[in-house]
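For reference, the structure discussed in these notes is given below.
The values are calculated or read from the model by the stated rules, or taken from the named source; none is laboratory data. Being a predicted model, the structure only gives us computed values, none of them experimental. Don't worry about glycine lacking a Cβ; one is built from the backbone with ideal geometry, like all the others, and counts go over all protein chains shown. Heavy atoms of the whole protein, side chains included, go into the accessibility calculation; ligands, DNA and RNA do not. Shrake-Rupley method; radii C 1.70, N 1.55, O 1.52, S 1.80 Å.
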Amino acid sequence: MNRASAARHIARSGLVHALLLVAAGVGIANAQTAAPVEAPATLNAVDFNFVGQANLGAPFQVDSGRIAETKSTSAAIRSYAHLMVTSHIPVVEALDGILQRKNVTPSNTLLHGAYDAMLFTLKADHGPAFDRNYVNGQVEYQMGNAALFQQEIENGSDPDLKQFARETLPKIEDHLQRALKLAGAASAGSTD
């Protein structure tokens, strides 16, 4: 099995699902314990977990969206991917601004490696397999992201991060509905 087919196999086996489970596990562990040693004193465990995941998630959406804009066989999926790129660039900028004002440098190498693997898989996929994996990954990602942002709104302590989550969650929910519609269309046999 070559590297590209191994990567496709991992994607089909649920890499996105595994990533979400890892992220959820990290989030639960962080929420149940004191803030990690590298967490700035101004962030509680929920805020620190939120920052670590959101700081990687938005750039991942831009990068994976750019791949899908060029590789998808479906105009509807390319349109959705374009929305992911254009709507996440301001999210990245807004979160970066908050983190710079607070002098916070998030670090989550476990998620970074998983995102890199998912991007590698998307680059290796072609045709209907690419479309299926991208759309299914988006549904899983948006569901997990909505839960992450809701967790910050309900349990975070930093007012700026909570406001950022409140302002961003409706966009995530919209993206989830769009991804679900694409997944439904794919199941029915047409994404255009």
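Annotations for the structure displayed:
- Qualifying residues in segment 116-149 (those that are in contact with an Asp or Glu (Cβ under 8 Å, 6 or more places away or on another chain) and surrounded by fewer than 19 Cβ atoms within 10 Å (Cβ to Cβ)) - the one nearest to residue 88 (Cα to Cα): 146
- When segment 59-75 is limited to residues that are among the hydroxyl-bearing types (Ser, Thr, Tyr) and part of a helix (DSSP H, G or I), the one that is surrounded by the fewest Cβ atoms within 10 Å (Cβ to Cβ) turns out to be 70.
- Of all residues in segment 139-166, those satisfying the criterion of being farther than 16 Å from residue 53 by Cβ and in contact (Cβ under 8 Å) with a residue 40 or more places away in the chain are 139, 157, 160.
- Test: residue 78 is assigned to a helix (DSSP H, G or I), at pLDDT 90 or above, in contact with an Asp or Glu (Cβ under 7 Å, 6 or more places away or on another chain) and surrounded by fewer than 21 Cβ atoms within 10 Å (Cβ to Cβ): yes
- Residue 95 satisfies every condition listed in (1) crowded, with 21+ Cβ neighbours inside 10 Å; (2) modelled with pLDDT of 95 or more; (3) of a type outside the set (Phe, Trp, Tyr) except (2).
- Check on residue 107, surrounded by fewer than 20 Cβ atoms within 10 Å (Cβ to Cβ), touching a residue at least 12 places away in the same chain (Cβ under 8 Å) and not in a helix (DSSP H, G or I): yes
- Screening segment 168-192 for residues that are part of a helix (DSSP H, G or I) and without any contact (Cβ under 8 Å) to a residue 24 or more places away in the chain and picking the one that is most open to solvent (accessible area, probe 1.4 Å) gives 181.
- Given (1) open to solvent by 20 Å² or more (accessible area, probe 1.4 Å); (2) over 26 Å from residue 182 (Cβ atoms), index of the condition residue 152 fails: (1)
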